[in-house]
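*Asks:* One structure is given below, represented as structure tokens, and several questions about it will come after.
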Amino acid sequence: MVELEGEQRRLYDAELKRARAQLLGVDSNRALAAVRFNVLTSLLRLRQICCHPALVDPAHAHLPSAKLDALLERIEELRDEGHQVLVFSQFVGMLELIRDRLAAESIGFLMLTGATENRAELVNTFQSDPTKTVFLLSLKAAGFGLNLTAASYVILYDPWWNPAVEAQAIDRTHRIGQTEPVVAYRLLAENT
């Protein structure tokens, strides 16, 4: 669990207030139908703010993110212990933000999204190169068909609507050849 603070908390609270205001005026199915899309958009924006404010507005790229800071702290600990880690997010933009922080900290990583063409090559590199501490994975692109037993830790950066999809992601490490216990973390923002 992480706690949103400062500007990240203010952005979250402002979006929540906007969403609540829209729902307070709903008194019929017709009224709900009129604001349904806006409410769903607000839910998405709330989830994105919890990940990093830059996901809702690139102008917020300079703002801190409680989840990103907690993730980097955990990854550095695991790297120092000699572990490899899978990090899943449903937002490719979030994976790119994580990638930039990993590069700045000189932490070896690979990244796989729906746009990746050399999936097998990346998997082989991760499996054979312990200096690639982190494998950043799009939840949709990497939730099936990959055998990543080099990792013994899985971090789900943002919760997915369907727990079965999360379970499939974690199962990338539970394959024939896995010799270590697998630990899965879900990063969640308190009071959200």
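*Asks:* In this structure, is ILE170 in contact (Cβ under 8 Å) with a residue 40 or more places away in the chain and either open to solvent by 60 Å² or more (accessible area, probe 1.4 Å) or aliphatic (A, V, I, L, M) (or both)?
*Replies:* Working: in contact (Cβ under 8 Å) with a residue 40 or more places away in the chain: no; either open to solvent by 60 Å² or more (accessible area, probe 1.4 Å) or aliphatic (A, V, I, L, M) (or both): yes.
Here the answer is no, as ILE170 does not meet what is asked.
*Asks:* Kindly provide the set of residues from the range 18-52 that are under 24 Å from the mean Cα position of the chain (by Cα) and either more than 21 Å from SER89 (Cα to Cα) or of a type in the set (D, E, K, R) (or both), ordered by number.
*Replies:* ALA19, PHE37, ASN38, VAL39, ARG45, ARG47
*Asks:* In the range 80-90, which residue that is surrounded by fewer than 19 Cβ atoms within 10 Å (Cβ to Cβ) and in contact (Cβ under 8 Å) with a residue 24 or more places away in the chain is farthest from the chain's Cα centre (by Cα)? I'd like the intermediate steps shown before the answer.
*Replies:* Looking only at the range 80-90, we keep the residues that are surrounded by fewer than 19 Cβ atoms within 10 Å (Cβ to Cβ), and these are 80-83.
Pick out the ones that are also in contact (Cβ under 8 Å) with a residue 24 or more places away in the chain and you get 82-83.
Details: GLY82: 22, HIS83: 19 Å.
Looking at residues that are surrounded by fewer than 19 Cβ atoms within 10 Å (Cβ to Cβ) and in contact (Cβ under 8 Å) with a residue 24 or more places away in the chain, I get GLY82.
*Asks:* Cβ contacts < 6 Å: first residue assigned to a helix (DSSP H, G or I), restricted to the range 11-31; second residue open to solvent by 40 Å² or more (accessible area, probe 1.4 Å), any location; separation 6+ or different chain. Result?
*Replies:* If the second residue must be open to solvent by 40 Å² or more (accessible area, probe 1.4 Å), the pairs left are GLU15/ARG45; GLN22/ASN38.
*Asks:* Identify, from the list VAL35, VAL56, the residue that is in contact (Cβ under 8 Å) with a residue 40 or more places away in the chain and farther than 30 Å from SER152 by Cα.
*Replies:* VAL56
*Asks:* Next question, about the same structure. Can you tell me which residue in the range 32-56 is surrounded by the fewest Cβ atoms within 10 Å (Cβ to Cβ), limited to those that are out of contact with any helix residue (DSSP H, G or I) (no Cβ under 8 Å at 6 or more places or on another chain) and within 23 Å of GLU190 (Cβ to Cβ)?
*Replies:* Once the filter is applied, the top-ranked residue is LEU44.
The values are calculated or read from the model by the stated rules, or taken from the named source; none is laboratory data. The shown structure was predicted, so the numbers you read here are calculated from the model rather than taken from an experiment. Note that each Cβ is placed from the backbone with ideal geometry, even for glycine, and that neighbours are counted across all protein chains shown. To get the accessible areas, we keep the full protein, side chains included, count just its heavy atoms, and leave off ligands, DNA and RNA. Shrake-Rupley method; radii C 1.70, N 1.55, O 1.52, S 1.80 Å.
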